[in-house]
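Below: one structure, written as structure tokens.
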Amino acid sequence: MKRLVVLIFAVLFIVSCAQKEVVVPDQPPPPTKDTTRDKDTGTKDSSKDGRDTTSIDKESIKDKGLTEEEIRAAMQNVFKNINFSYNRYEVLDEAKPILRNISDWMLAHKSVSILIEGHCDERGTSEYNLALGDQRAQATKAFLVSSGVPTARMETVTFGKEKPLCPEHNETCWSKNRRASFVISR
């Protein structure tokens, strides 16, 4: 009887620890050269609420040939947060142009690497949200890899619900917190 109970617990433990495969439902077309863009891409555009939602690891990029101004411009114009649907990790159609812009910039600046942060809203357990945040970061990375960015230039981290962008308790705020954000790391 004890062996049966131990066997049941072992099977439940193994099944509960199994990782789900990240599937990116719609692959982007191969990257194309856009000769009309400057090297920092695009026009100046800040986040909707005016807060800086991305960051720069200044020490690790000093010797990479980019000035602080160029990095700051890239963080503001290129590396914008992408959002996700509730309880989902699939890359939304509205996020794909942002990710294509990021991949174009990464392909033009081969010495730069990024950290992709996966975030969730406050609903759900910490454990569940950590797993979902990881899936969001991995799906974002998979999209960038499919656009030609080498996987070695990207790392992922999950913060679950631990670092909300918006502290209020409503759907408008929760939708801002369901995101992947970017840090230029080296």
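Estimated translational diffusion coefficient (Stokes-Einstein, Kirkwood radius over Cα pairs, 37 °C, 0.692 mPa s) of the stretch 68-185: 230 µm² per second. Highest mean packing comes first when the peptides 143-150, 121-128 are listed by Cβ atoms within 10 Å, giving 143-150, 121-128. Contact order, relative form, for the stretch 68-185: 37 percent (alpha carbon pairs under 8 Å, 6 or more residues apart, mean separation divided by residue count). Taking each of Lys96/Lys141; Lys110/Lys161; Lys110/Lys163 in turn, the alpha-carbon distance tops 24 angstrom for Lys110/Lys161; Lys110/Lys163. What a 1.4 Å probe finds exposed on the stretch 68-185 is 54% carbon and sulfur by accessible area, rounded to a whole percent. Taking packing as the residue-averaged number of other Cβ atoms within 10 angstrom, the listed peptides 155-162, 170-177 run from highest to lowest as 155-162, 170-177. Computed with a 1.4 Å probe over protein heavy atoms only, the accessible surface of the stretch 68-185 comes to 42 Å² per residue.
The values are calculated or read from the model by the stated rules, or taken from the named source; none is laboratory data. As the structure is a computational prediction, the values presented were derived from the model and not from experiment. Glycine gets a Cβ as well: all are built from the backbone with ideal geometry, and neighbour counts include every protein chain shown. Areas reflect the complete protein model, heavy atoms only, side chains present, ligands, DNA and RNA absent. Shrake-Rupley method; radii C 1.70, N 1.55, O 1.52, S 1.80 Å.
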